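Note sheet for the following structure.
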Amino acid sequence: MKLDLESYILKINNFIDKKLCKQIINELKKCDWKKHVFYNAKTNEYKQLSGDQELEMTFDNIKQNKILMKKLWGAIKEYIEKLDFPWFAGWSGYTGLKFNKYTVDTAMKEHCDHIHDIFPGEPKGIPILSIVGSLNNDYKGGEFIMFKNKRIEMNSGDLIIFPSNFLYPHKVNLVTEGTRYSYVSWVH
């Protein structure tokens, strides 16, 4: 078992090709978007942590969802197999895709993905892994940051997978030019 946290971040360059990224972005331009909110399990409230600078999100089902979901299954399997922990039983599924859109002057505040409202049941389940995929890089700003100051370079088509717990805080810096598109899913 490795003791440094960065060992548990898997980055896959060119996970999807640029042609598919462009097709997805074209479909996303037709979607209904709403302001992103964070759920607070202590207060049972949803809040925009970035105020007027909060990004937009959509769960709309686009034409390419099946392709992405199938590819994600393979990436999750690869991540779990690389762990090779005899005590880790694996995973039982993953969420549908959430797409994020960052326009100029929007960002995502630092947080961890210890999300209490994704999976049904009582008590509600929380994710074990987070998946973030980048769809473009023709914008300025919008850097993906982990551990306060570790920049993870995300180009069009890249993907990262990391544990969804308090040890993996992350954020997206303010976009200063263009529009940043990404997608996320969580594994349970």
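The values are calculated or read from the model by the stated rules, or taken from the named source; none is laboratory data. A quick note: this is a predicted structure, and the numbers were derived from the prediction, not measured. When we count neighbours, we look across all protein chains shown, and the Cβ atoms used for this are built from the backbone with ideal geometry, even at glycine.
Can you work out which of the residues in the range 22-44 that are within 19 Å of Pro127 (Cα to Cα) and more than 19 Å from the chain's Cα centre (by Cα) is surrounded by the fewest Cβ atoms within 10 Å (Cβ to Cβ)? Applying the filter and picking the extreme gives Lys42.
Mind counting the residues in the range 138-147 that are in contact (Cβ under 8 Å) with a residue 60 or more places away in the chain and in contact with a Lys or Arg (Cβ under 9 Å, 6 or more places away or on another chain)?
1
When only residues in the range 84-99 that are among the hydrophobic types (A, V, I, L, M, F, W, C) and out of contact with any helix residue (DSSP H, G or I) (no Cβ under 8 Å at 6 or more places or on another chain) count, which is surrounded by the most Cβ atoms within 10 Å (Cβ to Cβ)?
To start, the set of residues in the range 84-99 that are among the hydrophobic types (A, V, I, L, M, F, W, C) comprises 85, 87-89, 91, 97, 99.
Those left that are additionally out of contact with any helix residue (DSSP H, G or I) (no Cβ under 8 Å at 6 or more places or on another chain): 85, 87, 89.
Numbers: Phe85: 10, Trp87: 5, Ala89: 8.
For the range 84-99, the residue satisfying everything is Phe85.
Entry remark, the range 113-168: residues being modelled with pLDDT under 95 and either touching a helix residue (DSSP H, G or I) at 6+ places or on another chain (Cβ under 6 Å) or not in a loop (DSSP other than H, G, I, E, B) (or both) number 2 in total. Residues in the range 124-151 that are of a type in the set (Val, Ile, Thr) and under 15 Å from Phe99 (Cα atoms) were compared, and the one that is surrounded by the fewest Cβ atoms within 10 Å (Cβ to Cβ) is Val132. Among the residues making up the range 154-188, those that are more than 13 Å from the chain's Cα centre (by Cα) and over 20 Å from Asp60 (Cα atoms) are Asn155, Ser156, Asn165, Phe166, Leu167, Asn173, Leu174, Val175, Thr176, Glu177, Gly178, His188.
Looking at the structure I just gave you, is Ile76 out of contact with any helix residue (DSSP H, G or I) (no Cβ under 7 Å at 6 or more places or on another chain) and part of a strand (DSSP E or B)? The answer is no for Ile76. Do the conditions hold for Lys47, that is, is it charged (D, E, K, R) and either touching a Leu at 6+ places or on another chain (Cβ under 7 Å) or surrounded by 11 or more Cβ atoms within 10 Å (Cβ to Cβ) (or both)? Against the criterion (charged (D, E, K, R) and either touching a Leu at 6+ places or on another chain (Cβ under 7 Å) or surrounded by 11 or more Cβ atoms within 10 Å (Cβ to Cβ) (or both)), Lys47 qualifies.
Quick one: is Lys150 in contact (Cβ under 8 Å) with a residue 60 or more places away in the chain, under 17 Å from Leu167 (Cβ atoms) and over 14 Å from the mean Cα position of the chain (by Cα)? It would help to see each step written out before you state the result.
Details: in contact (Cβ under 8 Å) with a residue 60 or more places away in the chain: yes; under 17 Å from Leu167 (Cβ atoms): yes; over 14 Å from the mean Cα position of the chain (by Cα): yes.
Yes; evaluated as a whole, the condition is true for this residue.
For the range 151-172, how many residues meet the condition of being of a type outside the set (A, V, I, L, M, F, W, C) and closer than 17 Å to Asp113 by Cα? Don't jump to the end; show me each part of the working.
In the first step, residues of the range 151-172 are kept if they are of a type outside the set (A, V, I, L, M, F, W, C); the result is 151, 153, 155-158, 163-165, 168-171.
Restricting the remaining residues to those that are closer than 17 Å to Asp113 by Cα gives 163-165, 168-171.
Selection size over the range 151-172: 7.
Can you tell me which residue within the range 5-21, out of those that are more than 22 Å from Leu129 (Cα to Cα) and either within 16 Å of the chain's Cα centre (by Cα) or in contact (Cβ under 8 Å) with a residue 60 or more places away in the chain (or both), is surrounded by the fewest Cβ atoms within 10 Å (Cβ to Cβ)? Show your work before the answer.
Residues of the range 5-21 more than 22 Å from Leu129 (Cα to Cα): 17-21.
Still in the running and either within 16 Å of the chain's Cα centre (by Cα) or in contact (Cβ under 8 Å) with a residue 60 or more places away in the chain (or both): 17-18, 20-21.
On the way: Asp17: 11, Lys18: 14, Leu20: 17, Cys21: 23.
Restricting to residues being more than 22 Å from Leu129 (Cα to Cα) and either within 16 Å of the chain's Cα centre (by Cα) or in contact (Cβ under 8 Å) with a residue 60 or more places away in the chain (or both), the top hit is Asp17.
From the list Tyr79, Tyr102, the lone residue that is surrounded by 17 or more Cβ atoms within 10 Å (Cβ to Cβ), closer than 20 Å to Leu5 by Cα and out of contact with any Asp or Glu (no Cβ under 7 Å at 6 or more places or on another chain) is Tyr79.
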